[in-house]
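The values are calculated or read from the model by the stated rules, or taken from the named source; none is laboratory data. Computed from a predicted structure; not experimentally measured. Cβ atoms come from the backbone with ideal geometry, glycine included; neighbour counts cover every protein chain shown.
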Amino acid sequence: MKKIIGVLLILLLIGVSLSRAQDISRVGTSAAQFLKLGVGARAAALGEAAVTFSSDVTGLYWNPASIASIERTSIAVSRNELYANLSYNFIGIVQPLGASGAFGVSAIYLDSGDIEITTLDDPDGTGSFFSWEAYCLGLSYSRFVTDRLRLGGTIKYVREGAGAFHQSAQTIAIDIGSLLDTGVLGLKLGMCLSNFGGQMQLGGVGLEVTDYDRYPTSEGNIENRAYLKMENYPLPLIFRMGLSTQLVGTEGQLMTSDRNTMTIVVDAYDPNDALLRSNFGIEYQWKNILSLRAGYRGISVEADEYDSYNTASYTFGGGIKYEFNFARVEFDYAFTDFKILGSGHLFSIVLAF
């Protein structure tokens, strides 16, 4: 137990120190913002409070430590229809490695759709279009360190850019997570540090400056290749910490039941480019077949002078799970309200063979 507590304290101190490296306003200071969009309809319906509750393939995103408990080869696919015609897609595969560990592969892809190009001369549009695309490819591994503590990590390649303008940026990052099942009334504690890695800088032939004269005061003109200089931006480093516990169920704090399960989950997350916030969710499950969920995401923990622009709001959804002869199939749906930005609809399916 002392070793377990020591490991958790080390991860906690690393996460807090990295996420608290700046005292000034951090809003809008990182690249690859698509990495902050969650995956999986179950997690979305729970207000994205998923660092301890992502017990399926979507744990590859929320907390890689969680996949060690997956006992069957599993595949998950999710699609998030967001505001402004954005689409956000995830696919992941987890392969158990004996009884103590698991290996996973995941991919996330964001597509902005067609965006019309505007200029100072044509502010209403030029008739030409471009799209902004971003993706992340990850390899994950998790194992049981003890019968109750799981540790896991992900190494991933991150890239984003505008293909029509021949500009892109890329880097390598890692995620590190832990998950502790206390064995007391279904209480679980989890932590995850996400997107720790290099900086991103746009580059490409689209940044080339034409008709550049390096010596404007001299006669003649020697052709020179010149490019716009772009700044480096860090990834959105995020530290998450959360807990979940059963109110009703086989380990229920209020009532024990074999047919009904009710679980509450709470997360706090602290990104390097925004203020500390928390998420809350509750799930009711009947006979491990039908689920109903609700939550609230982005609750302010720190004072925010721009709180009128906060998109924190409610979430809800549900799911159904059924065991067929060839596989167990889970289908989930979530609705997320983003206030002034609109709403999002997220669908996901998980197959376990």
remark   = When segment 11-29 is checked residue by residue, the ones that are surrounded by 14 or more Cβ atoms within 10 Å (Cβ to Cβ), at pLDDT below 75 and assigned to a loop (DSSP other than H, G, I, E, B) are ARG26
note = Quick count over segment 224-245, residues being in a strand (DSSP E or B) and more than 29 Å from LEU275 (Cα to Cα), is 2
ask   = Any idea how many residues of segment 141-186 are modelled with pLDDT of 90 or more, more than 11 Å from ALA68 (Cα to Cα) and among the aromatic types (Phe, Trp, Tyr)?
value = 1
task = Determine, yes or no, whether TRP132 is of a type outside the set (A, V, I, L, M), at negative phi and at pLDDT below 90.
result = yes
query = Is it true that some residue in segment 177-193 is touching a Pro at 6+ places or on another chain (Cβ under 8 Å) and small (Gly, Ala, Ser)?
reply = yes
inquiry  = Looking only at segment 160-177, count every residue that is within 13 Å of TYR233 (Cα to Cα) and in contact with a Ser or Thr (Cβ under 9 Å, 6 or more places away or on another chain) and tell me the total.
reply    = 1
message = Report every pair of residues separated by at least 6 positions or lying on different chains whose Cβ atoms are under 6 Å apart, first residue within segment 324-346 and over 20 Å from LEU86 (Cα atoms), second β-branched (Val, Ile, Thr) and in a helix (DSSP H, G or I).
response = none
ask   = Restricting attention to segment 322-353, and to residues there that are among the aliphatic types (A, V, I, L, M) and within 20 Å of the chain's Cα centre (by Cα), which single residue is surrounded by the most Cβ atoms within 10 Å (Cβ to Cβ)?
value = ALA334
ask   = Is there a residue being at pLDDT 95 or above and among the aromatic types (Phe, Trp, Tyr) anywhere in segment 215-231?
value = no
query = Hey, among the residues in segment 237-290 that are modelled with pLDDT of 90 or more and among the basic types (Lys, Arg), which one's nearest to the chain's Cα centre (by Cα)?
reply = ARG240
task = Out of the residues in segment 30-60 that are of a type in the set (Ser, Thr, Tyr) and in contact with a strand residue (DSSP E or B) (Cβ under 7 Å, 6 or more places away or on another chain), state the one that is surrounded by the most Cβ atoms within 10 Å (Cβ to Cβ).
result = THR52
key: Check on GLY127, touching a Leu at 6+ places or on another chain (Cβ under 9 Å), small (Gly, Ala, Ser) and farther than 26 Å from ASP56 by Cβ   = no
task = Take PHE90 and decide whether it is within 29 Å of GLY204 (Cβ to Cβ), surrounded by fewer than 16 Cβ atoms within 10 Å (Cβ to Cβ), of a type outside the set (Gly, Ala, Ser) and in contact (Cβ under 8 Å) with a residue 24 or more places away in the chain.
result = no
request  = Test GLY138 against the criterion of being buried (at least 18 other Cβ atoms within 10 Å of the Cβ), touching an Asp or Glu at 6+ places or on another chain (Cβ under 9 Å) and on the phi > 0 side of the Ramachandran plot, and give yes or no.
outcome  = no
request  = Quickly run through segment 258-298 and pick out the residues that are out of contact with any Asp or Glu (no Cβ under 7 Å at 6 or more places or on another chain), among the polar types (S, T, N, Q) and closer than 24 Å to VAL350 by Cβ.
outcome  = ASN260, THR261, GLN285, ASN288
